[in-house]
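A.B. asks: A single structure is presented below for examination.
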Amino acid sequence: MSESKGLVLVVEDERNIADLQRRYLSREGFGVHVESTGDAALAAVRRMRPVAVVLDIALPGMDGMEVCRRLREEGDWTPVLFVTARDDVTDRILGLELGGDDYLTKPFSPQELVARVKSLLRRAAGPQHHPVRRVGRLALDTGRRTLHVDDRPVELTTTEFNLLAFLMQHPGQVFTREQLLAQVWGYAGYRDTRVMDVYVSQLRAKLGDASPLRTVRGVGYAVTDADVR
C-alpha cells in the first residue's frame, strides 16, 4: 500500500464492471475503494479524500450528477471521471457543466479507463515550474492552482483551470477545438468537439467582463494578448 499512486474511488452499482475497474486500476498501482450508491460515494469522498473519482451517472437513489454537484458546492474539486451508459451529448454536457472533468461511455476498455485516470491526475498536478501568469485582470498561479480576478478568488474545475492556463501560456495564438481537446485531455480522438464550447462558456460566465477569451469564427479560441505579464 505504501507504493500506491493514491486512492481512486469507484462508484458503480454493477458489480462485474466495478470489479473490472478495481482490477485494472490496482494493477497500475492505485488503491481502489468501491461504492455502489450516491450517498455512500459522498460519505467516502469526505472520509477518504481520494485522488480521483470514477463516477457512474446512473446510480440508485442519488445519481452521479447530483453527487458531483454536491461535491463542487462543498468546494471539493477532486477530479471526477463520469461514466455513462448512454452516448448522449446532453448527459455529457450536463456532467461537464456540473463540474465533471472527463467522461467515458459504456462499453469501454479498462485500459482506456486507466489512461483517463492517469491523464486527470497529470493535469491536476500541473507543471513542475510555478509561474504566476497575468492577462488583463486575471492572475493565474499554476503552482497553487489558483485564479484571481481583481484580487477576487475564482473557483475552477481541473479542466477549466488547465484550459485557461494553456491559452494564457500562448496569448494571441488561435487553437482549434481539436487542438484544445488534445492539450487539455492529453490525447485526441474525441468525437464531439462541442464539449469545448461548454468549457469556454463556463469560463466566460465565471470570469465575467474580465474574460480575455476570444472566439475566432470558423477556427477556435484564443486569449487576447493585451496587457500580458
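The values are calculated or read from the model by the stated rules, or taken from the named source; none is laboratory data. This structure is a prediction, so every number in the text was calculated from the model and none was measured. All Cβ positions, even for glycine, are placed from backbone atoms using ideal geometry, and neighbour counts span all protein chains on display. Only protein heavy atoms, including side chains, enter the accessible area calculation; ligands, DNA and RNA are left aside. Shrake-Rupley method; radii C 1.70, N 1.55, O 1.52, S 1.80 Å.
A.B. asks: For region 10-108, which strands (runs of 3 or more DSSP E) that fit wholly inside it have 3 or more residues that are open to solvent by less than 50 Å² (accessible area, probe 1.4 Å) and either free of Cβ contacts under 8 Å to residues at least 12 places away in the same chain or closer than 30 Å to Asp197 by Cβ (or both)? Please lay out each step first, then the result.
C.D. replies: On the way: elements: 31-35, 52-56, 80-84, 102-105.
So the answer is 52-56, 80-84, 102-105.
A.B. asks: Of (1) in a helix (DSSP H, G or I); (2) surrounded by 18 or more Cβ atoms within 10 Å (Cβ to Cβ); (3) modelled with pLDDT under 90, Leu121 satisfies all except one. Which?
C.D. replies: Against the list (1) in a helix (DSSP H, G or I); (2) surrounded by 18 or more Cβ atoms within 10 Å (Cβ to Cβ); (3) modelled with pLDDT under 90, Leu121 comes up short only on (2).
A.B. asks: Cβ contacts < 8 Å: first residue open to solvent by 20 Å² or more (accessible area, probe 1.4 Å), restricted to region 159-176; second residue of a type in the set (D, E, K, R), any location; separation 6+ or different chain. Result?
C.D. replies: Asn162/Arg123; Gln169/Arg133; Pro171/Asp225; Gly172/Asp225
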